[in-house]
Amino acid sequence: MNKSRQSLIAGNWKMNMSVAEGCALAQQIVSQAATVSCELLLCPPAPLLGFVMAETNGSEVQLGSQDCHFNDAGAHTGDTSAKLLADIGCGYVILGHSERRADHGETDQQVAAKVTAAWRNQLTAIICIGETESQRDAGKTLSVVRAQIAGSIPPGATGANTVIAYEPVWAIGSGKVPSVNDVTKIHAETRTAFAEAAGAGEAELVRILYGGSLKPENASEFLALEDVDGGLIGGASLKAQDFISIASSCP
Ligand code: PGA
């Protein structure tokens, strides 16, 4: 991390948790939030947002969604607008997660349209990028990441309205992680690519998270790196103790 950027530890609950489980988890995290210096963000499944909000209200813990539609309203059965997410009190939305790109065929172009919708509604967009295992094996990691940044981030990005999450697809939920050297190199390259899109000043401010099998046991070595400004946590965000332990690893 760089001291001029406040670290962000975000929990991506994915399609997990009942109402009772989600409320209990949020309660435990809220009760320990004052023990960490980073910003904490919870991203539960959309139907749980209101319940979790009741637990985080009045605390420093932020709330975000895992997706949004690119329109603010209309005939889009099953979708949720950024406008409504902002209305209920979300501050963030995760966009272009590799599971959405894979399960729903989301393209960079669609992700960019959703990012625009998020910004239009004063939500900070957490834009996910990352290579698959075969792309990595073919030595294409940096070109894939660069292309995703160019395609998924529309004009107008700033360090305040955007967070980037580098999540190698092969590391998500697998227990495998890239080397510290690779993360160092890819995050630096990500910041350079963001500078080309948004200018050097905004690139100094934008937070770049690492995601993919981040755990209490490996968090400190990644979170200590100059261009790693926090983490996007899946599995380990479902246990308050693990989530807070990762957050405590922020230097
Ligand atoms: P993981 O998921 O921590 O379970 O690997 C990370 C993510 O998909 O955001």
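The values are calculated or read from the model by the stated rules, or taken from the named source; none is laboratory data. All of these numbers come straight from a predicted model, not from anything done at the bench. Positions of Cβ are generated from backbone atoms using ideal geometry, with glycine treated the same way; all protein chains shown enter the neighbour counts. Keep in mind that these areas ignore ligands, DNA and RNA; they rest on the heavy atoms of the full protein, side chains included. Shrake-Rupley method; radii C 1.70, N 1.55, O 1.52, S 1.80 Å.
Structure values in brief
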| read-out | value |
| --- | --- |
| Size of charge dipole - segment 1-81 - debye, nearest 20, with Cβ of Lys, Arg +1 and Asp, Glu -1, no other charges | 280 debye |
| Neighbourhood charge, 13 Å Cβ-Cβ cut-off, centred on residue 194 and excluding it, Lys, Arg +1 and Asp, Glu -1 | -2 |
| Free-standing Cys, the chain [no other Cys Cβ under 4.7 Å] | 23, 43, 68, 90, 128 |
| Fraction of accessible area attributable to carbon and sulfur, the chain (%, probe 1.4 Å) | 52 percent |
| The chain: most fluctuating residue of 70, 194, 51 per GNM, C-alpha cutoff 10 Å | 51 |
| Whole-number percent relative contact order across segment 82-149, with pairs defined as alpha carbons under 8 Å at least 6 apart | 36 percent |
| Of 118, 65, 94, farthest towards positive along the dipole that unit charges on Lys, Arg, Asp, Glu beta carbons give segment 7-120 | 118 |
| Local net charge near residue 205, Cβ-Cβ under 11 Å (Lys/Arg +1, Asp/Glu -1) | 0 |
| Gyration tensor verdict on the chain (Cα atoms; rounded if a/c is under 1.5, prolate if a/b is larger than b/c, oblate otherwise) | rounded |
| Highest-fluctuation residue, 132, 116, 77 considered, GNM on the chain with Cα pairs under 10 Å | 77 |
| Percentage relative contact order, the chain, counting C-alpha pairs under 8 Å, at least six apart | 22 percent |
| Leading residue at positive end of dipole, segment 155-234 (Cβ point charges), from 192, 156, 231 | 231 |
| Beta bridges by DSSP in segment 1-139, antiparallel share as percent, to the nearest 5 | 0 percent |
| Rounded to whole Å, sorted largest first: equivalent-ellipsoid semi-axes of segment 147-250, Cα gyration tensor | 25, 14, 13 |
| log₁₀ of I(q)/I(0) at q = 0.21 Å⁻¹ - segment 1-67, Debye sum with one point per alpha carbon | -0.82 |
| Once the Cα gyration tensor of segment 14-161 is diagonalised, semi-axes √(5λ) in Å | 27, 19, 15 |
| Dipole magnitude of the chain, debye to nearest 20 (Cβ charges: Lys/Arg +1, Asp/Glu -1, about Cα centre) | 60 debye |
| Computed [θ] at 222 nm, deg cm²/dmol, the chain (DSSP H ≥ 4; -39,500 (n - 2.57); rounded to nearest 500) | -12000 deg cm²/dmol |
| Neighbourhood net charge (10 Å Cβ-Cβ; Lys/Arg +1, Asp/Glu -1) for residue 144 | +2 |
| Accessible surface, per residue, of segment 170-251 when the full set of protein chains is kept, probe 1.4 Å, Å² | 38 Å² |
